[in-house]
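Okay, so here's the structure we're looking at.
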């Protein structure tokens with residue numbers, strides 16, 4: 001509710017309304033920040049699951065794993081493996097994979113900007129390699145890495161939905177309201 005020196009839309013003055021609204025808005029921002037942190041921590045949890053619990057992320061050269069990305073309205077968190085550098089991936093298709101990755105990050109940024117409205121928070125995460133969907137959906141394929149399988153990403157999200165929600169919930173519950181009380185003007 002916008003205020004104007006404590007004045008209501010009806011021209012009446014409500015003493016302390018500006019301070020109350022400032023405190024409320026500050027609390028909302030604290031919860032939004034905690035929500036962002038929780039979402040980012042949840043994406044990191046899913047990433048760890050895809051690397052440590054079957055079905056695992058398939059590996060050939062490691063470019064698929066290196067194309068992991070997380071994008072929020074606050075920016076990109078590019079969480080690739082050590083092999084990934086700002087200038088490229090490895091192997092004969094490294095340039096193509098880098099272009100795909102950059103396109104995926106830009107598309108994710110656009111999705112986040114489009115979907116971010118008011119107090120709604122939005123995160124895009126996954127793999128930016130252009131062939132990621134093909135590998136993910138290749139049910140019946142035999143992968144080089146033992147324990148790797150198609151649908152690894154989807155499986156871990158479905159399997160860990162309650163854990164994802166708990167991670168976010170925990171971060172939001174950690175917020176301790178920091179209400180600043182100003183001395184009242186008389």
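Quick notes
- Size of the range 17-174 as Cα extents on the principal axes (Å, biggest first): 63, 32, 24
- Cβ-derived FRET efficiency at R0 25 Å, residue 44 paired with residue 175, nearest 0.05: 0.80
- Distance between modelled label sites at residue 145 and residue 24, nm, 7 Å Cα→Cβ extension: 4.9
- Rough spin-label spacing in nm, given labels placed 7 Å along Cα→Cβ, for residue 99 and residue 74: 3.4
- Estimated distance in nm for a label pair at residue 61 and residue 162, the labels positioned 7 Å out from Cα along Cα-to-Cβ: 4.2
- Sorted by Cβ neighbour density within 10 Å, fewest at the top, the residues 27, 64: 27, 64
- Among beta bridges identified by DSSP and lying wholly in the range 17-174, the antiparallel ones come to about 90 percent.
No lab work stands behind these numbers, since they all come straight from the coordinates. These numbers were taken from a predicted model, which means no experiment stands behind them. Neighbour counts are summed over all protein chains in view; Cβ atoms, including those assigned to glycine, are modelled from backbone coordinates with ideal geometry.
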